[in-house]
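Undergrad: One structure, pasted below without further comment.
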Amino acid sequence: MKRVIRNADVLFAGRLQKKEVLFDGTSILEVSDKVTADAEEIDGTGLTLLPGLIDVHTHLREPGHEQKETIATGSKAAAAGGFTTIMAMPNIDPFPDNVETVSEYLKRIREKAVVNVLPYGTITCREAGQTASDYEGLKKLGIRWFSDDGVGVADEKVMLEAMRKAKENDVLFACHTEDMNYRRPGASVHEDAFAERMGWLGIPSACESAQLIRDLELVKQTGLRYHACHISAKESVEALRRAKAQGADVSGEVTVHHLLLENTDVRGTNWKMNPPLRTHEDRMSLIEALEDGTLDFIASDHAPHTEADKDKPMAQAAFGIVSLETSFALLYTEFVLHQQRWSLEQLVDWMSYLPAKRFGLGKKGKIEAGYDPDLVLVELGSERRIKAKDFFSKGKNTPFDGWAVRATVRETIVSGRSVYRIGGGMTK
């Protein structure tokens, strides 16, 4: 069935324009001043049409931890936040490290997801850091991205051998770097004088940057395509900048919370994430690195937990916050409207086209003829307040509850089909 969106401001050819967009279930067919085809109409009056957002770092928890999140609830949260494609991290149970397990996992995703969900395989079997997963077999199932997110691969020899095998199979590693030699039991926030005053154990920046520096040296030896997850420290930014200058095939992401918050903002366990919120100097380094291309795009690291997971002393509470339903609205409000530091076009590139390009996701991230019909209609300007209790996600663990934002997703379209409409909820 053909559909056409009329009367919206369309992000087309790098700027907002009054265009009409015709699409079916497989492709955007036409972007023009006036579409004359016979098609079902969607009225976009007062709205802005953007390419669907893409998040390469999402935790859906299913299978194994459904009390925190499910494929259904997490993908609904994505749709409500304007994300049409999300990539699911592999720290689930059973781990997606072999063909049989991943085949079942893909079947579950097809049955339950309301947006495009692309799962990672693990770098090492069971994320145990000992034996490389079956990259060749999993690639035949379409899995071209591997991560041991949540832990770093500690043994350098294991990582080097895994990288060599990954290079042979032309797959990409997305790495959470964390050298546990730098982290004391119970450490939960950034290590500095503020943490000491609060009586919290701190995590130094070297916990992240030291293993990243090691990995980048191994990348130079192997030529692997490598992506650094949730960069938080200025030392990591500099390491990535040096590697790029030397020609390494590397990229890096920054999360919404690391762009908006600092260590002195921490008020409780809903501000506890891994890596932790760091200093003002670190945060400004991240913003500037995103702007100069050292960091390539934005990810959410959506990490839902139960209330019981968070209702503990800081040292015992789970790491992570939910963010799929708040990411775009928060960044648009702060950096596009309030600071006027970024354009809407820049923000959307960092949240759509550039992750699609880096991860080889095909014709996603732009509104052009021939691209996938993954679209989002947003209302920009009207103020609302974030209400965690209303999230589609099972997780309500956010430091942004009550924040005022001025962007609201009105409708999300995946493969030409409306999967979310405000007021009407989910349509699948």
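The values are calculated or read from the model by the stated rules, or taken from the named source; none is laboratory data. This one's a predicted model, so the numbers in the text were calculated from it and none came from an experiment. When we count neighbours, we look across all protein chains shown, and the Cβ atoms used for this are built from the backbone with ideal geometry, even at glycine.
Undergrad: Does the stretch 127-134 contain at least one residue that is under 20 Å from the mean Cα position of the chain (by Cα) and either within 30 Å of residue 423 (Cα to Cα) or not acidic (Asp, Glu) (or both)?
TA: no
Undergrad: Consider only pairs whose beta carbons are under 7 Å apart and that are at least six residues apart or on different chains; among these, list those whose first residue lies in the stretch 20-42 and is in contact (Cβ under 8 Å) with a residue 60 or more places away in the chain and whose second residue is loosely packed, with under 12 Cβ neighbours inside 10 Å and small (Gly, Ala, Ser).
TA: 27/370; 28/370
Undergrad: May I pose another question? Within the stretch 16-42, can you find the residues that are in contact with a Leu (Cβ under 9 Å, 6 or more places away or on another chain) and of a type in the set (Gly, Ala, Ser)?
TA: Hits for the stretch 16-42 are 32, 37, 39.
Undergrad: Out of all the residues in the stretch 367-387, is one or more free of Cβ contacts under 8 Å to residues at least 60 places away in the same chain and not in a strand (DSSP E or B)? Step through it out loud before you land on a result.
TA: Taking the stretch 367-387 first, the residues free of Cβ contacts under 8 Å to residues at least 60 places away in the same chain are 381-385, 387.
Remaining after also requiring not in a strand (DSSP E or B): 387.
Yes, the stretch 367-387 contains a residue that is free of Cβ contacts under 8 Å to residues at least 60 places away in the same chain and not in a strand (DSSP E or B).
Undergrad: Still on this structure: Out of everything in the stretch 284-317 that is within 12 Å of residue 272 (Cα to Cα) and among the aliphatic types (A, V, I, L, M), what residue ends up being surrounded by the fewest Cβ atoms within 10 Å (Cβ to Cβ)?
TA: 315
Undergrad: Can you find, within the stretch 318-343, the residue that is surrounded by the fewest Cβ atoms within 10 Å (Cβ to Cβ) among those that are in a loop (DSSP other than H, G, I, E, B) and among the hydroxyl-bearing types (Ser, Thr, Tyr)?
TA: Within the stretch 318-343, the first condition is being in a loop (DSSP other than H, G, I, E, B), and the residues that meet it are 318-326, 339-343.
From the residues that got through so far, the ones that are among the hydroxyl-bearing types (Ser, Thr, Tyr) too are 323, 326, 343.
Values: 323: 29, 326: 26, 343: 14.
It comes out as 343.
Undergrad: Further question on the same structure: Restricting the first residue to the stretch 324-351 and requiring it to be among the hydrophobic types (A, V, I, L, M, F, W, C), which pairs with a second residue that is part of a loop (DSSP other than H, G, I, E, B) meet a Cβ separation below 6 Å and a spacing of at least six or different chains?
TA: Close Cβ pairs (under 6 Å, with a partner that is part of a loop (DSSP other than H, G, I, E, B)) amount to 324/81; 324/300; 328/82; 335/341; 335/342; 336/342.
Undergrad: Go through the stretch 133-222 and tell me which helices (runs of 4 or more DSSP H), entirely inside it, have 2 or more residues that are at pLDDT 95 or above, under 28 Å from residue 55 (Cβ atoms) and among the hydroxyl-bearing types (Ser, Thr, Tyr). Before you say what the answer is, go through the steps one by one.
TA: Details: elements: 135-140, 156-168, 193-198, 206-222.
Passing ranges, in order: 206-222.
Undergrad: Considering (1) basic (Lys, Arg); (2) over 19 Å from the mean Cα position of the chain (by Cα); (3) modelled with pLDDT of 95 or more, say which one residue 225 fails and leave the rest.
TA: Here residue 225 clears every test but (2).
Undergrad: Mind checking whether some residue in the stretch 92-115 is surrounded by 20 or more Cβ atoms within 10 Å (Cβ to Cβ), within 15 Å of the chain's Cα centre (by Cα) and in contact (Cβ under 8 Å) with a residue 40 or more places away in the chain?
TA: Among the residues of the stretch 92-115, at least one is surrounded by 20 or more Cβ atoms within 10 Å (Cβ to Cβ), within 15 Å of the chain's Cα centre (by Cα) and in contact (Cβ under 8 Å) with a residue 40 or more places away in the chain, which makes the answer yes.
Undergrad: Where the second residue is part of a helix (DSSP H, G or I) and basic (Lys, Arg) and the first is more than 9 Å from residue 399 (Cβ to Cβ) and lies in the stretch 256-285, which pairs have Cβ atoms under 6 Å and are six or more apart or on separate chains?
TA: If the second residue must be part of a helix (DSSP H, G or I) and basic (Lys, Arg), the pairs left are 262/283; 269/310; 282/234; 285/234.
Undergrad: Which residues, counting only those in the stretch 384-428, are touching a strand residue (DSSP E or B) at 6+ places or on another chain (Cβ under 6 Å) and at pLDDT below 95?
TA: 422, 426, 427, 428
Undergrad: Tell me whether the stretch 390-403 contains one or more residues that are more than 21 Å from the chain's Cα centre (by Cα) and in contact (Cβ under 8 Å) with a residue 12 or more places away in the chain.
TA: yes
Undergrad: In the stretch 174-182, is there at least one residue being surrounded by fewer than 20 Cβ atoms within 10 Å (Cβ to Cβ) and in contact with a Pro (Cβ under 8 Å, 6 or more places away or on another chain)?
TA: Here is the first cut: in the stretch 174-182, the ones surrounded by fewer than 20 Cβ atoms within 10 Å (Cβ to Cβ) are 179-182.
Remaining after also requiring in contact with a Pro (Cβ under 8 Å, 6 or more places away or on another chain): 182.
Yes: the stretch 174-182 contains one or more residues that are surrounded by fewer than 20 Cβ atoms within 10 Å (Cβ to Cβ) and in contact with a Pro (Cβ under 8 Å, 6 or more places away or on another chain).
Residue-wise test of (1) touching a His at 6+ places or on another chain (Cβ under 8 Å); (2) closer than 22 Å to residue 257 by Cα.
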| site | (1), (2) |
| --- | --- |
| 102 | no, no |
| 125 | no, no |
| 134 | no, no |
| 164 | no, no |
| 173 | yes, no |
| 180 | no, no |
| 194 | no, yes |
| 206 | no, yes |
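Undergrad: Need the failing condition index for residue 258 against (1) outside any helix (DSSP H, G or I); (2) in contact with a His (Cβ under 8 Å, 6 or more places away or on another chain), just the number.
TA: (1)
Undergrad: Looking at the stretch 404-428, I want the residues that are closer than 14 Å to residue 25 by Cβ and have a partner that is modelled with pLDDT under 95 and not small (Gly, Ala, Ser) with Cβ atoms under 7 Å, at least 6 apart or on another chain. Which pairs are those?
TA: Listed by first residue and then by second, the contacts come to 418/427; 419/426; 419/427; 419/428.
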